[in-house]
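The values are calculated or read from the model by the stated rules, or taken from the named source; none is laboratory data. From a predicted model like this one, the values you see are computed outputs, not experimental measurements. Because the Cβ atoms are built from the backbone with ideal geometry, glycine has one as well, and the counts that use them run over all protein chains shown. Side chains included, ligands, DNA and RNA excluded: accessible areas come from the protein's heavy atoms. Shrake-Rupley method; radii C 1.70, N 1.55, O 1.52, S 1.80 Å.
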Amino acid sequence: ILSMEEWARLQERLAIRSEHRRGRTHLSSFLLGGIARCGHCGGAMVGTSRMRGEKREAEYYCRNHKDAKVKCPYSNGHVTHRLEAAVLDFLGQYSDPAKVRELLASNDTKADRRQEQELSKVVARLGELEQAFLNDLDRVDRHVLNEAEYLKRQEVRRTEQATLEARKVELQATVQEQRDREAQAKAVPIKVGSFLEDFQGMEVTRAKAILQGILKAAYIWKDGRIEVEFR
């Protein structure tokens, strides 16, 4: 029923909706809902409204700081229309392929290091679990462990092993993707240019759906500095 391209787009949209437990943020009236992140702590910046003097004003605010200052000590909040305009203006520079390549190269260096380090830890832990299986078999043979104790220990390890195996596959795919960014460097400027050209007059939910397909996150600092992470 669906072409391969349509199927890929559908899977991308489903993944975007489910990641980071966004819930129904894709239906909210805030353009950057599910995209804006606090540059200080990495937590979500959520759309809300609050009184400023006698006037109620919509803004994005760091959820971590709102929940507890120990999570994020920075009172990082920005008026909605100003922040959205600033992010879109900042995004505009990435209609230039050279700028996209520059950003991707910078992000890849940081992301590759984090992902590869985590992958190494996951692989090492899986090796430890495998060795633990063998060690317990030896203990059973030497009657140090009985069968019930062995099965109980193995059940706990199998649960952890299944989780780690799934994470290993995910990390391997991510690391591989990060090593081939040329296709993204070509696609992003087209997506950005098309979005900014058509944005005016577009319903917020529609605009957000398109923007989420371009940006994974927009990091915002209290001083107004912005960094973006493309998909």
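For this structure, a couple of remarks:
- Condition met for L91 (of a type in the set (A, V, I, L, M), surrounded by 14 or more Cβ atoms within 10 Å (Cβ to Cβ), at pLDDT 90 or above and closer than 24 Å to A187 by Cβ): yes
- The set of residues in region 203-225 that are open to solvent by less than 40 Å² (accessible area, probe 1.4 Å) and of a type in the set (A, V, I, L, M, F, W, C) comprises A207, A209, L211, I214, L215, A217, A218, I220, W221.
- Some residue of region 166-176 being out of contact with any Gly (no Cβ under 6 Å at 6 or more places or on another chain), modelled with pLDDT of 90 or more and among the polar types (S, T, N, Q): no
- The listed residues are M4, M51, and the only one of them that is under 23 Å from A85 (Cβ atoms), hydrophobic (A, V, I, L, M, F, W, C), loosely packed, with under 11 Cβ neighbours inside 10 Å and modelled with pLDDT of 65 or more turns out to be M51.
- Checking the stated criteria, Q115 turns out not to satisfy the condition of being loosely packed, with under 11 Cβ neighbours inside 10 Å and not charged (D, E, K, R).
- Sole residue being within 20 Å of L31 (Cα to Cα), out of contact with any Cys (no Cβ under 8 Å at 6 or more places or on another chain) and without any contact (Cβ under 8 Å) to a residue 60 or more places away in the chain, chosen from E102, E84, E116: E84
- Flag if A58 is closer than 17 Å to Q212 by Cβ, of a type in the set (G, A, S), modelled with pLDDT of 90 or more and surrounded by 12 or more Cβ atoms within 10 Å (Cβ to Cβ): no
- Exactly one residue out of V228, V188 is outside any helix (DSSP H, G or I), open to solvent by less than 30 Å² (accessible area, probe 1.4 Å), within 24 Å of L32 (Cβ to Cβ) and touching a residue at least 40 places away in the same chain (Cβ under 8 Å): that is V228.
- Residue that is least open to solvent (accessible area, probe 1.4 Å), among those in region 97-112 that are among the basic types (K, R) and either closer than 17 Å to I214 by Cα or modelled with pLDDT of 80 or more (or both): K99
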